[in-house]
Structure formats: structure tokens, C-alpha cells
1. How about LYS224: which aspartates and glutamates have a C-alpha closer than 14 Å to its C-alpha, ignoring those fewer than 8 places off in the same chain?
2. Using θ = phi - 60° and the Karplus form 6.51 cos²θ - 1.76 cosθ + 1.60, what ³J(HN,Hα) does each residue of region 192-205 get, whole Hz, x for Gly and Pro?
3. Using the Karplus equation 6.51 cos²θ - 1.76 cosθ + 1.60 (θ = phi - 60°), what ³J(HN,Hα) coupling, rounded to whole Hz, does each residue of region 118-131 give in order, writing x for Gly and Pro?
4. Students often check this: by mean Cβ neighbours within 10 Å, which of 224-237, 247-260 ranks highest, and how do the rest follow?
5. If you line up the Cα atoms of region 237-319 on their principal axes, what length do they span on each, largest first, in Å?
6. Need the C-alpha centroid separation for region 290-319 versus region 63-78, integer Å.
7. Please turn the phi angles of region 134-148 into ³J(HN,Hα) values with the Karplus equation 6.51 cos²θ - 1.76 cosθ + 1.60 (θ = phi - 60°), one per residue in order, whole Hz, x for glycine and proline.
8. Quick one: grab the alpha carbon gyration tensor of region 90-191, order the square roots of its eigenvalues as a ≥ b ≥ c, and give me rounded if a/c is under 1.5, else prolate or oblate depending on whether a/b is larger than b/c.
Amino acid sequence: MTMLLKRLRYIIALLSSMTILLVLYFQNSATLSFYSFVRKPKSHICLEDRGNSSWFSERYKPTVPLLLNSTNSELHANIFSWWKELQDVPNVTNYTEVVNQLFSLFPDEEHYSDAGPDRCRTCAVVGNSGNLLGSNYGQLIDSHDFVIRINKGPTEDYEKDVGNKTTHRILYPESAVDLNDNTHLVLLPIKVLDMQWLISAFTTKNITQTYTEVPSTIKASKDKVMILHPEFMRYVHDNWAEGHGRYPSTGFLALIFTLHICDKVNVFGFGANSNRNWHHYFDETLTSFESSSHGGDFENQTIYQLHQENKISMYKGLT
Ligand code: C5P
């Protein structure tokens, strides 16, 4: 009888400790999953680990200045001389004066310094390739937090394939179009005159000519203007285009810019036609890789490699 009692006590003790252990285990894992849900609500779609590819790490420099402001505007001598060479007039003497004018007019801020494990910003960068026609990507493109468009690429009449949301548009005076109030105008400054045009477009409106006729003004929100940093342009040229072409294409700069300010990057509207021409979804313009100042082939290979390394996702449309 005592033996039976002893066994019974032993079994009860065993069952109780197992119950306690199970309760503790489930409580703990519930807390953990709740905690990770709170910390990283969308982590499943974000590419947080940027260090897991040596190809990528060799090229990606997280500290490069992306956008110009009055604090970071002084250029290293080698960057300034490379950037000056891109201009029709290499003897640039008024850079500092123009930058001062820029930031008395436009926001003088440090933008997008919020990268970190808790951020999950999804972005669509939309090039102007003809492969967008018939793609039906419109809704998908518009579902991103940021939609970055380039130069003249229109949305009106092409909504089904390209969407209609635009949070950023990267352009230069010769490719300028009017923007709506909630779009950031991101200037790609290839010359100091481009910065002067931006100032003029919002003030005196007296610059109407660069190497070609340019609009004297632009419909855009002054408070949303941003200017790409010349050091960023040089970084993309050196690290990502590996010196191919004279300087990177607007689309390639936009793509690498997006990689720096976003956590999940989806790429639409990039890719030449079968004759290695850059064709557009909205007009008949054809630019051959050979005649352009950009390293088109090499840029495309790099974009493909970024896709292979799982740092971007390419949507190729109807190729
Ligand atoms: O022709 P545009 O420069 O306005 O096009 C914007 C960008 O889209 C280009 O700089 C290029 O990077 C990309 N593009 C492309 N394939 C095309 C047309 C444009 O990759 N067929």
C-alpha cells in the first residue's frame, strides 16, 4: 500500500513539473513572438541583412552622403574635379555661392538617416523602359511606400501598367516635368547651372536655356525639393558602374539611391530592347548604348547581379 502511495506521489510530482514546464515554455514563446511582432511588423518582406554577400559589401557604402545640405556641401578635391569635368564649363567658381542660395530657399535637412533593423520601407523604382507596356504592374507599383520615377516618364494614360503614385521624381532641367504637391522633386545636378536653374524656376524664372531650351518654371512643392549629392554620383560611378560610361544614367542613380533609402526594393521598367536600345513606354525615342554617355550594358549587368544577390527584385514586364 505504501509502495502504491509512493508511486502515485511520484507520478503526480512528475506530471505537475511537466505541466509547469509546458506552461513556462508556451508563455515564453508567446511573449517572444509578440515581441518580434511589435518590433518588426513587416520584417518578412524586408532585406535587413546587407552584409551577407561579399559582392554587395564590397560596393555598398552606407555612409555615403545621398543628398546635399549646407553641412555636407563642401566637396573633396577629387570629387569636385570629377564633377566639374561633367560640365560644359569646367572652370566652376561659384559652387559655394550657389549652394548657399539653394539652402536659403529649399529644405536644409539631413534626410533618410533612419536606417535600422526596425525600419521596413518598401519602394518601387520605375524606369522608363518599353517593357512596361502591357505589364499590368500599375496596382503593384502603387502598393509601395515610396514610388520613385525618373525624368519625363508619365503616369497619365498609362496607369494600368505604371500606376499613378509618385513620391519622388528624379530629374534635371532638360528632363523636367510638372509634379503634383506630394511628390519630392529630386534634382540630379550634372552642372552648377542645373542648381541655378532650380533656384530660378522657383524665383526669377529667368533661366530658359542650358545646352538646349529648358522650362523657365516648374510646378512642384518647394518644401519637397531635394538635391542629389555629387559625392553620391561619384560613388555610383566608381563602386557600382565601375567607371563605365562618363557618368551613370539617371535610372541607375535612382536605383542605387533607392537601395540606400529603402529596405525592400522592387525594380520596374529597366531593360533595353533586343537591339540594345533604350526604348520608352511613352514615346518612340531610341537611345543606343554605344552612343550614350552611360555604361548601359554594364549597368544592366550590375542590376541583374543585385537581383541575383537578393538585394532587389526585378520585374521585367513584357520583354
Ligand atoms: O530615357 P530615360 O533616361 O528618361 O529613362 C530613365 C531610366 O530608365 C534610364 O536612365 C535607364 O536607367 C532606364 N531605362 C532602361 N531601359 C529602357 C529605358 C530606360 O533601363 N529601355
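1. Within the straight-line cut-off, LYS224 pairs with ASP108, GLU109, GLU110, ASP178, ASP181.
2. 4, 4, 5, 5, 5, 4, 4, 4, 4, 4, 9, 10, 6, 6
3. Once rounded to whole Hz, the list reads 8, 8, 9, 9, 9, 9, 10, 9, 10, x, 9, 5, x, 5.
4. Order by mean packing, descending: 247-260, 224-237.
5. The principal-axis extents, from largest down, are 34, 30, 19 Å.
6. 27 Å
7. Residue by residue, region 134-148 yields x, 7, 6, 7, x, 5, 4, 4, 5, 7, 7, 4, 10, 10, 9 Hz.
8. Since a/c reaches 1.5 but b/c is at least a/b, the shape of region 90-191 is classed as oblate.
Every read-out reported here was derived from the displayed coordinates using simple, explicitly stated rules and does not represent laboratory data. Note that the structure is a prediction, hence the values are computed from the model and not measured. No Cβ is skipped: glycine too gets one built from the backbone with ideal geometry, and neighbour counts run over all protein chains shown.
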